Amino acid sequence: MKAVCFYFQIHQPFRLKRYRFFDIGNDHYYYDDFANDDIITRIAQRSYIPAAETLLRMIEESKGKFRCAISITGVALEQCEQYVPEFVDVLKKLADTGKVEFLAETYAHSLSSLVDPVEFAAQVKAHGEKIKALFGVEPKVLRNTELIYCDDLAPQILDMGYKGVITEGAKHILGWKSPNYVYSSASAPKLKMLLKNSKLSDDIAFRFSNPEWESYPLTADKYMDWIANTPEDEQIVNLFLNLETFGEMQPRETGIFQFLEALPRFAAERGVDFWTPSEAIAKLKPVDSLHVMHPISWADEARDTSAWLGNRLQNEAFEKLYSVAERVRLCDDRRLKQDWNYLQASDHFFYMCTKHMDDGAVHSHFSPYETPFMAFTNYMNALADFIVRVEEQYPLSIENEELDALLTTIRNQAREIATLNKELTSMRKNVEHYNEERKLREALQAKEETPAKPKKAATKKAKVEEPAVVEAPAEEAKPKKRCVRKKKEA
Amino acid sequence: MFGWEFPPHILGGLGTASYGLTKGMWECGDMDITFVIPKPHGDEEKWFAKIIGASQVPIAWRDVNRDYVENRIGNVMDPDMYYRLRSNIYADFNYMRTNDLGCIEFSGRYPDNLLEEINNYSICAGVIARTEEFDVIHSHDWLTYPAGIHAKQVTGKPLVIHVHATDFDRSRGNVNPTVFNIERDGMLHADHIITVSNLTRNTVIEKYGIDPAKVTTVHNAVEPLSEELLNVTANKPKEKVVTFLGRITMQKGPEYFVEAAAKVLKNNHNVRFVMAGSGDMMDKMINLAAERGIADRFHFPGFQKGKQVYEMLKASDVYIMPSVSEPFGISPLEAMQMGVPSIISKQSGCAEILDNVIKTDYWDIDAMADAIYSIVTYPAMYEQLRQDGLDEVNKITWDKAGAKVIAIYNKVLNRK
């Protein structure tokens, strides 16, 4: 029994507008709305929507036998909600079939896992919440940004509650081993790994419409033959693709949608199943554990992180960005947090790549900039402005620990003030209660003794007494408030 | 080869390029090169090419003895050569102003009577063509085209002309009709035309109406710098230095540099700008800098020569060349050799072969200012451009250009 595990990635970054250095400190909006709208709408029309509808049809026609997984980043979801809400509706329909698994990943498509575990955890959590809110499902398997994975990450991933992780079947990691099994992580044996079958995935993603390829034209029949003819005991073929492969990278005219749609029929003929990543992890036992010393990814020839952090420019930008990470987490300005997410997208670093040859061509194909140097300059200018804004929230002269302590004091004092206020109101009530009681009592006494005169005096007395009692606790709270303000100034 | 300048006595990029190319071709082997220049000084490098000075070529018979010749021109020419040339005088040029050896005096520069010098040069070329044996004639730039045509007519050997610049570059479009005619005449007579960039190639094809099939681009290269020049010391001010080096003329776009500087200085005071060179727009630029209120940060040290150029570069953090039209532009390559990140205009020929530089349109002062700011502000940008620029420029060598030129020779000679 063999199975195919399909997973489709959806991501679009918020591209930056041309941001000059004289905008630093003056203009706090960094995004090229026109380009972002244009690109996501075009790709959604040409690829995302027809591809998702094809998947929906495949699930219906195969009566649920076809299954797959989808991973969509938080920033891509935000763009879809903003510009092409109809696509979100199709995704909801897919989620409702119950045959499509949504994977966890970083909200901002960030590289935070490489430097900042706290940020990484926060982003995965934020992403999970967004998926839950929109599609009503909770991700069980993690797909880190660009399939980045290494041994150091595994324990954290397991701690966050994920049983499986999806990554690249990089040749330098696997050696003679086949990606068509489930492996376990060497540093966290309970974490199962699904590895991308690069050859079969790239056959669709890159070679499908290349007439110079010896297997051209690729048909669903032939493709399923290849899968069925893999060695007997290899049970799972992981095909991880960008969803835009369908319709954008391989245009509609190449017949890519028909190819996709025909797959379940030919799979059924050969007894090949479709599993979601969760199913694969539940059904299969790991055959071996895998050591991954250095981070791997699915990008470029090298399959490492050099696509984003391969030169000085990228490293400088990356370090500058994460130097303020802790600060940003301390503050609660929502717009600042939003920019923080958008600026973290790995794509900004991808554009700064100075590689040549084939890799360079891929980088410049996606880049909105003419050269990596322009990408760097533009990003750094926007980042400089962002850092200025973070500084405005909290001056950089204060150390993070000190700031944290101060913030805790402020929060504690706020809490204290709240409790004092509560006490105050209850006291006030008591006083009022007491006064009323006394009034009643005095009234009764007056009735018993002489009516008119003493009653007036009593009410007067009560009126005078009341504010005096109220004032005392109010003054007690005031100096505290002043003290808080002083701390803030400091 | 006919050229006008040859190091060490050069006035512009033409001499450097002719020298580099000749040496590069020599390195490819199996080639004897005779290089004709108007006026040699005797201190030229001669080991890879035979240098003939037009000012030592007799065009009128003088009966002079060997000792006298040795005494007069021995430092630049072998007396035997003089006699061989003398026996090939092809017409009576006694009406010309000649000296005691029957030669014409040349300034070897760009004097006011340039057209006359060009004509004289071509007369000498006739004598040389009849004396020397060669397979191909190669003329560098318009000054030597008439000489090349003359040599071709005398010997029937194929003529290759090398376009280092056209008058369209020098004049931003207001061409001098005489120069244009000389250039076009040369191009029409040439069997093949070599241009220093695709930009120039397009000019040749479109503005001079030349058949694209006989125009080929061979990009210039650079000579590796000597240890001495690489290690020059310079006093660096504590501010960052942005440098413009070149003639301050319309072609070089100096006003865009001033405007960009004004933009940068609005936000960043830690920068100084230097416009080194001289030219007809210098006074205008000084005025403009004063007008923008940046004169305290904008300096005009005047024309720099020899080692001063490298000291200047050594002290710089950014090199900028905002040329409006630059056939090739060798100076950014030199800056890169010195490890200075460069910003060049997209309208310069060297932009076609350089990756590790910042390219902007010459009129886009915003982009230029942004690039300057980026390099002086972000150390990673500086380091990246510096290192990768060095690696890149060290791979641009003349022998590769030389090989391409040799391939063109073989083509015009119908050899394989």
Restricting attention to helices (runs of 4 or more DSSP H) lying wholly within segment A:344-421, give those where 3 or more residues are within 14 Å of chain B (Cβ to nearest Cβ) and either under 27 Å from A:Tyr19 (Cα atoms) or in contact (Cβ under 8 Å) with a residue 12 or more places away in the chain (or both). A:357-366, A:372-393
Subset of segment A:199-232 (residues that are buried (at least 20 other Cβ atoms within 10 Å of the Cβ) and not aliphatic (A, V, I, L, M)): A:Ser201, A:Phe208, A:Tyr223
Which pairs do you get when a residue that is of a type in the set (D, E, K, R), found in segment A:70-94, comes within reach of a residue that is surrounded by fewer than 22 Cβ atoms within 10 Å (Cβ to Cβ) and not in a helix (DSSP H, G or I), reach meaning Cβ atoms under 9 angstrom, with the pair 6+ apart or on two chains? A:Lys92/A:Gly136
Is segment A:267-280 home to any residue that is polar (S, T, N, Q) and in contact with a strand residue (DSSP E or B) (Cβ under 9 Å, 6 or more places away or on another chain)? yes
Looking only at segment B:31-48, filter to residues that are among the hydrophobic types (A, V, I, L, M, F, W, C) and surrounded by fewer than 23 Cβ atoms within 10 Å (Cβ to Cβ); which one of those is farthest from the chain's Cα centre (by Cα)? B:Met31
Scanning segment B:1-23 residue by residue, the ones that are closer than 11 Å to B:Gly402 by Cα and touching a helix residue (DSSP H, G or I) at 6+ places or on another chain (Cβ under 7 Å) total 3
Of the residues B:Leu265, B:Leu288, B:Leu313, which is in a helix (DSSP H, G or I) and within 14 Å of chain A (Cβ to nearest Cβ)? B:Leu265
The correct count of residues that are touching a helix residue (DSSP H, G or I) at 6+ places or on another chain (Cβ under 7 Å) and under 21 Å from A:Val115 (Cβ atoms) in segment A:146-165 is 5
Exception for B:Lys214 within (1) free of Cβ contacts under 8 Å to residues at least 24 places away in the same chain; (2) out of contact with any helix residue (DSSP H, G or I) (no Cβ under 7 Å at 6 or more places or on another chain) falls at (1)
Scan segment B:332-347 and give yes if some residue there is more than 17 Å from the chain's Cα centre (by Cα), within 14 Å of chain A (Cβ to nearest Cβ), farther than 30 Å from A:Lys320 by Cα and at pLDDT 90 or above, otherwise no. yes
Which residues, taken from segment B:267-315, are under 23 Å from the mean Cα position of the chain (by Cα) and under 30 Å from A:Asn26 (Cβ atoms)? B:Val274, B:Met275
B:Thr233: more than 14 Å from chain A (Cβ to nearest Cβ) and either in a helix (DSSP H, G or I) or surrounded by 15 or more Cβ atoms within 10 Å (Cβ to Cβ) (or both), yes or no? no
For segment B:5-24, how many residues are aliphatic (A, V, I, L, M), at pLDDT below 90 and within 18 Å of B:Ile194 (Cβ to Cβ)? 2
Output for segment A:293-319, where each listed residue is touching a strand residue (DSSP E or B) at 6+ places or on another chain (Cβ under 8 Å) and within 18 Å of B:Pro379 (Cα to Cα): none
Residues that are over 20 Å from the mean Cα position of the chain (by Cα), in the same structural domain as A:Glu248 (by TED's automatic domain parsing) and buried (at least 20 other Cβ atoms within 10 Å of the Cβ): list the helices (runs of 4 or more DSSP H) wholly contained in segment A:1-92 that include at least 2 such residues. A:49-61
Please specify each residue of segment B:245-262 satisfying the condition of being surrounded by fewer than 23 Cβ atoms within 10 Å (Cβ to Cβ) and within 14 Å of another protein chain (Cβ to nearest Cβ). B:Glu259, B:Ala262
Kindly check whether there is at least one residue in segment B:187-205 that is at pLDDT 90 or above, assigned to a loop (DSSP other than H, G, I, E, B) and surrounded by fewer than 17 Cβ atoms within 10 Å (Cβ to Cβ). no
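Confirm whether B:Val242 is under 30 Å from B:Phe168 (Cβ atoms), buried (at least 16 other Cβ atoms within 10 Å of the Cβ) and not assigned by TED's automatic domain parsing to the domain that holds B:Ala371.
Judged against the criteria, B:Val242 is not a match.
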Looking across segment B:78-117 at residues that are of a type in the set (A, V, I, L, M) and not in a helix (DSSP H, G or I), the single one that is nearest to B:Ala129 (Cα to Cα) is B:Ile89
Six or more apart or on different chains, Cβ atoms under 7 Å: show the pairs whose first residue is in segment B:170-182 and closer than 12 Å to B:Lys207 by Cα and whose second is in a helix (DSSP H, G or I). B:Val175/B:Asp167; B:Val175/B:Phe168; B:Phe180/B:Asp167
Those residues of segment B:321-347 which are among the polar types (S, T, N, Q), crowded, with 22+ Cβ neighbours inside 10 Å and under 18 Å from B:Thr249 (Cα atoms) amount to B:Ser323, B:Ser325, B:Ser331, B:Ser345
Restricting attention to segment A:358-406, which residues are hydroxyl-bearing (Ser, Thr, Tyr) and more than 23 Å from A:Asn315 (Cβ to Cβ)? A:Tyr394, A:Ser397
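The values are calculated or read from the model by the stated rules, or taken from the named source; none is laboratory data. Quantities reported herein were computed from a predicted structural model and do not represent experimental measurements. Counting neighbours? That spans all protein chains shown, and the Cβs are built from the backbone with ideal geometry, glycine included.
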